[in-house]
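Inspection log for the structure reproduced underneath, given as structure tokens.
The values are calculated or read from the model by the stated rules, or taken from the named source; none is laboratory data. Everything quoted here is computed from the prediction, not taken from an experiment. Note that we place each Cβ from the backbone using ideal geometry, even for glycine, and neighbour counts take in every protein chain shown.
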Amino acid sequence: MSLVSIPSLIIGGGPAGTSAALALAESGQAVHLIDAGTRGIDLPPEGRYLDLRFQDTAQWSWQLGQDFQSLRDSGSVSPKLRVPGLAAIFEGYAEANQLRAERGFQLLGALAGGGLSNAWGCGVGLFDASELGPLAALKQMHSSYARVAARMGLSGSSEDSLSSYFGLDDLSDPPLPLDYLHQALWERRSKLDRNDFLLGRARIAVLTRDREERLACDLRGMCLWGCRRHATWSASHDLNRLRRMPNARVEEGVVAIELRREAEGWMVRGRSDGEERLYRAEKVLLAAGTVASTRLALDALESPPESVRLLSNPMAAFMVVQPRMFGKVHQPSFGLAQLSYVLERVSEGQSAFGNLFSTSGLPVSEFLKYLPITRRAGLPLLRTLLPMGVVGNIFLPGSLSAHRAVLNGDRSMTIQAGASADLPDVYRSAEKRLRRGFRKLGAWMLPGSFVAGQPGADIHYAGTLSIRDEPAAHECKVSGEIAGLPGVYAIDGASLPMLPAKAHTLTIVANADRIARGLLERNGVTAS
Amino acid sequence: MRKVGVLGASGYIGSVLLRSMQARGWCVVSLGRRAASGASAHRPVDIGKPLQESVIDGLDAIVHLAANTDSGNDSHAAEVSFASALAEMAGRCEVPLLFVSSQAASATASSQYGRTKAAIEREILPKGAIAIRPGLVYGGQEKGLFGVLASFMRRTRLRPCLLPSPLVQAVHVHDLCEAISSVLFLPSAKGRWFAVAGRPMQFNGFLRTIAARRLRMTTLPVPVPITVLRLLLLVAGRLFGPKIGAERLDSLTSLKLMDCDSDMEELGIRMRDLRDGLSRSGRPYRRLLSEGTALRRSLFGGNRGLWAVRNYPRMLVSHDQTLALDLPTIVLRFPRLLAALDSPKDRSETRASTLMGRMNMMYRLCEAGAKDAAKFIAPGQGSFARSALALLIVGFSEAQSLALRPLVRIIAKGQR
């Protein structure tokens with residue numbers, strides 16, 4: 001057993017943990033970050049997806065895995081969860097953090113440096129005043145937004161009807177070029193009823209020009225499998241930067257198990273390879289991922305609430321085809337969001353948000369299984385249909401979810417899926433409005449293609465320890481400090497005051513930066 | 001490293017056992033009149049002569065496979081007393097001894113062979129030795145009774161159909177050797193005997209499978225009433241000596257069936273499918289390959305992209321599946337029928353032990369090869385005409401499948 005004494009300990013090396021750690025380290029503070037990850041992601045070979053598909057004789061190894069493990073899980077909606085190179089990220093999260101899921105909740109997390117942003121985390125947007133709640137009035141929040149946006153490298157700036165929704169045009173580079181399918185939709189945007197269905201370029205953390213070690217996107221279409229150019233942002237890049245700083249220590253392979261209050265500060269018990277690790281720290285910054293952070297916090301409270309609400313964005317996926325494109329074949333294109341849309345007022349005045357993607361970098365099997373015909377006939381059908389279509393996803397406001405996180409007697413935590421009674425109606429009306437909207441753009445939603453994900457499939461978990469002006473014991477003050485746990489700060493998604501449909505990673509990163517800078521200020525250190 | 005002495009290491013079972021023990025990293029010392037090829041060392045032992053204690057010096061275990069094929073009461077008595085002395089010595093030196101007996105072992109067996117095996121078991125089990133009673137051993141090189149049957153059918157192209165057909169319990173020689181090695185050092189096995197064989201099956205079916213899977217030739221079935229055969233053998237025995245007498249036939253027709261399931265479970269041994277065991281490799285690859293070929297061709301015809309077929313068995317093994325499905329031959333021959341079984345509402349079945357689960361996996365496997373890429377992604381320049389033609393094909397193919405589905409379902413059900 002080893003004991004480390006430090007002024008502040010950061011638990012978790014995902015987007016939130018690295019953001020706070022960088023803020024502290026860049027101001028000259030000693031930083032100690034523990035992360036559960038031991039394995040990174042495996043990148044696919046160099047080249048464009050469409051070329052590799054025809055030429056790479058060993059492509060099965062990055063598509064299915066050396067031991068074909070990708071063929072084991074065909075249940076989940078997201079193909080990301082089947083990418084063998086990413087498997088190491090998701091493995092063992094629930095067990096290591098003593099988490100369980102009930103009632104069909106999809107519980108996912110990352111035990112890897114960089115966290116879930118290794119797989120997702122590129123969609124960006126500024127939360128507006130109504131979405132920021134108690135944080136809206138803070139000018140620090142806005143300066144943190146600007147700071148982290150500059151660090152991540154955003155693109156997608158465009159004068160369109162989503163400019164004010166994203167609020168990022170001053171902080172972003174111009175967008176990547178659209179492929180022929182998105183271009184055709186984009187050219188027809190004036191046909192949309194502007195107050196109802198808003199279409200704009202996707203604002204996304206992808207580079208359109210080289211920056212330090214990361215290279216600009218070259219439209220190779222390997223976004224699903226992993227980008228060798230590191231054009232898409234992941235917190236693992238920031239973590240690498242942190243590792244190189246002399247006053248920062250990144251310790252890997254340690255899972256935090258328990259927080260214990262001491263006379264002055266906290267004792268954090270961790271486990272590494274079955275061995276116990278102890279850390280004594282005045283301040284503890286929780287960034288283990290919303291669900292894991294919540295368990296640590298509730299477990300540390302003297303009298304924790306019976307259960308707390310967990311927010312996530314109910315989501316669905318669909319496909320639209322443009323008959324005009326009949327006879328086209330696939331062309332290389334960017335594999336993440338190219339266009340974004342907002343459906344206004346889907347529920348209690350809140351909007352739904354979604355992205356449109358090319359199918360050219362996705363395995364055809366991902367679509368084949370949904371077709372209502374035999375796959376022998378479906379294959380030539382898709383070869384014709386896919387180059388005419390784009391896939392879309394839709395995220396609904398987090399207020400429509402009603403999951404509960406329950407701390408059990410054995411100190412584990414269970415997530416029970418739940419949803420607002422309105423959700424089925426909202427899904428139905430959103431599908432109808434999308435159908436109508438895309439018709440105006442000259443595209444047809446394929447019948448039966450609108451498929452709702454299981455609860456939690458969005459993996460946008462948030463809001464369990466929300467920041468409030470007048471917090472309960474398990475909630476956070478505006479400073480990020482958990483009211484009932486002085487010295488413990490929830491800096492990841494757990495402390496978000498609310499969860500709109502808008503992509504929330506940027507807000508988590510910015511909020512972590514803000515909380516860390518607040519700590520510096522109170523200690524009389526001038527933040528750099 | 002374990003050092004095991006094997007009596008009869010040059011025989012049918014012994015030669016396989018020698019190699020399988022060496023594959024486990026064990027050292028095999030051949031015991032007998034002649035050195036077995038491949039053994040690391042040899043110590044001369046003669047069943048007819050008194051046993052020297054130096055024979056088991058430094059050995060960690062002994063396997064006794066040797067059987068006397070000579071006739072005469074003297075030699076059988078010598079066999080029993082040799083085994084008894086060996087068990088006595090092994091017990092004294094605390095060296096495990098395993099004796100390979102026979103399914104025919106019984107004090108009241110009609111054959112001398114069966115009675116001798118029973119007598120040996122009676123002598124050695126109380127001394128802490130282990131016995132294994134294998135069923136009808138087959139597979140590997142064509143030796144033993146299996147070898148006689150196979151070469152007879154190959155030479156004559158005739159396949160005897162015994163009337164009535166006796167029941168036999170077959171065991172692949174590799175499975176038997178696995179069982180021997182698994183039980184040899186098991187402390188709880190001391191003083192017990194284990195039955196190692198497959199489920200009972202018709203002897204005539206056994207011969208038919210040898211012809212189809214091993215010899216891969218058509219053979220002419222010849223009905224042979226057992227009473228007639230027995231009479232012939234009796235006469236032959238009188239003329240040419242008891243080696244080809246009626247005794248072996250008697251021991252075949254009067255076999256007592258063994259319930260092996262609990263023994264096999266205790267030893268952690270699973271009998272391979274007879275059809276797999278009779279292939280040259282003794283493994284299920286041949287049947288898995290034809291299943292994989294059919295699945296691939298059910299998605300699209302042609303013979304390119306054999307990569308997926310070659311990797312199909314490997315993929316299944318990585319999902320802990322080593323058995324081929326019992327698909328009807330007609331479906332394997334005409335994979336178009338298999339495609340008709342791909343009903344969208346069954347697709348949620350993902351268990352790798354089901355046809356739908358394997359179809360799901362095989363179709364994804366097909367997509368991960370470069371040669372078939374053009375089946376998934378239209379190459380070159382697109383055109384309106386090409387796409388229109390594709391849609392026509394889609395409609396035609398789907399109509400075919402819908403028409404075939406009820407029929408194929410009946411065939412598949414009939415098979416089950």
Among the candidates A:108, A:71, A:50, single out the residue that is among the aliphatic types (A, V, I, L, M), within 13 Å of another protein chain (Cβ to nearest Cβ), out of contact with any strand residue (DSSP E or B) (no Cβ under 8 Å at 6 or more places or on another chain) and touching a residue at least 60 places away in the same chain (Cβ under 8 Å).
A:50
Residues of region B:278-289 that turn out to be part of a loop (DSSP other than H, G, I, E, B) and surrounded by fewer than 21 Cβ atoms within 10 Å (Cβ to Cβ), as a count
5
Residue B:312: in contact with a helix residue (DSSP H, G or I) (Cβ under 7 Å, 6 or more places away or on another chain), more than 17 Å from residue A:67 (Cβ to Cβ) and among the hydroxyl-bearing types (Ser, Thr, Tyr), yes or no?
no
For residue A:470, which of the numbered conditions (1) within 21 Å of residue A:99 (Cα to Cα); (2) without any contact (Cβ under 8 Å) to a residue 60 or more places away in the chain fails to hold?
(1)
If you go through region B:121-146, how many residues are over 23 Å from residue B:260 (Cβ atoms), assigned to a helix (DSSP H, G or I) and either of a type in the set (Asp, Glu) or within 15 Å of the chain's Cα centre (by Cα) (or both)?
1
Would a scan of region A:6-27 turn up a residue that is within 14 Å of another protein chain (Cβ to nearest Cβ) and more than 20 Å from the chain's Cα centre (by Cα)?
no
Hey, among B:387, B:348, which residue is polar (S, T, N, Q), within 19 Å of residue A:379 (Cα to Cα) and more than 7 Å from chain A (Cβ to nearest Cβ)?
B:348
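Out of curiosity, is residue B:298 modelled with pLDDT of 85 or more, in contact with a helix residue (DSSP H, G or I) (Cβ under 9 Å, 6 or more places away or on another chain), among the polar types (S, T, N, Q) and buried (at least 20 other Cβ atoms within 10 Å of the Cβ)?
It is true that residue B:298 is modelled with pLDDT of 85 or more, in contact with a helix residue (DSSP H, G or I) (Cβ under 9 Å, 6 or more places away or on another chain), among the polar types (S, T, N, Q) and buried (at least 20 other Cβ atoms within 10 Å of the Cβ).
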Total residues in region B:391-416, condition farther than 26 Å from residue B:292 by Cβ and at the interface with another protein chain (Cβ under 7 Å from one of its Cβ atoms):
1
Residue that is nearest to residue A:435 (Cα to Cα) [pool: residues in region A:369-419 that are without any contact (Cβ under 8 Å) to a residue 40 or more places away in the chain and small (Gly, Ala, Ser)]
A:378
If you check residue A:61 against the conditions, is it in contact with a Lys or Arg (Cβ under 6 Å, 6 or more places away or on another chain), within 14 Å of another protein chain (Cβ to nearest Cβ), in a helix (DSSP H, G or I) and of a type outside the set (A, V, I, L, M, F, W, C)?
no
Checked region A:88-107 for anything of a type in the set (Asp, Glu) and under 17 Å from residue A:118 (Cβ atoms); matches are A:91
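Which residues, counting only those in region A:13-41, are over 19 Å from residue A:117 (Cα atoms) and in a strand (DSSP E or B)?
A:31, A:32
Going by what's in this entry, would residue B:217 be described as of a type outside the set (D, E, K, R) and touching a Gly at 6+ places or on another chain (Cβ under 9 Å)?
no
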Condition check for residue B:341: modelled with pLDDT of 90 or more and more than 7 Å from every other protein chain (Cβ to nearest Cβ)
no
Exactly one condition in (1) within 26 Å of residue A:359 (Cα to Cα); (2) out of contact with any helix residue (DSSP H, G or I) (no Cβ under 9 Å at 6 or more places or on another chain); (3) crowded, with 23+ Cβ neighbours inside 10 Å is false for residue A:296; which is it?
(1)
Take the residues of region A:501-528 that are of a type in the set (A, V, I, L, M), outside any helix (DSSP H, G or I) and out of contact with any Phe, Trp or Tyr (no Cβ under 9 Å at 6 or more places or on another chain): which is nearest to residue A:25 (Cα to Cα)?
A:527
For the subset of region A:108-135 comprising residues that are part of a loop (DSSP other than H, G, I, E, B) and at pLDDT 90 or above, which member is farthest from residue A:469 (Cα to Cα)?
A:124
Lone qualifier among B:315, B:271 - being touching a strand residue (DSSP E or B) at 6+ places or on another chain (Cβ under 9 Å) and crowded, with 20+ Cβ neighbours inside 10 Å:
B:271
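Quick grid of which residues meet (1) in a helix (DSSP H, G or I); (2) under 22 Å from residue A:379 (Cβ atoms):
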residue: B:263; (1), (2): yes, no
residue: B:276; (1), (2): yes, no
residue: B:291; (1), (2): yes, yes
residue: B:315; (1), (2): yes, yes
residue: B:320; (1), (2): no, no
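Yes/no matrix, rows are residues, columns are (1) in contact with a Phe, Trp or Tyr (Cβ under 8 Å, 6 or more places away or on another chain); (2) more than 30 Å from residue B:173 (Cβ to Cβ); (3) not hydrophobic (A, V, I, L, M, F, W, C):
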{"site": "B:278", "(1), (2), (3)": "yes, no, no"}
{"site": "B:287", "(1), (2), (3)": "no, no, yes"}
{"site": "B:295", "(1), (2), (3)": "yes, yes, no"}
{"site": "B:299", "(1), (2), (3)": "yes, yes, no"}
{"site": "B:327", "(1), (2), (3)": "no, no, no"}
{"site": "B:348", "(1), (2), (3)": "no, yes, yes"}
{"site": "B:373", "(1), (2), (3)": "yes, yes, no"}
{"site": "B:379", "(1), (2), (3)": "yes, yes, yes"}
Matching entry among B:198, B:191 (being in a loop (DSSP other than H, G, I, E, B) and under 30 Å from residue B:88 (Cβ atoms)):
B:191
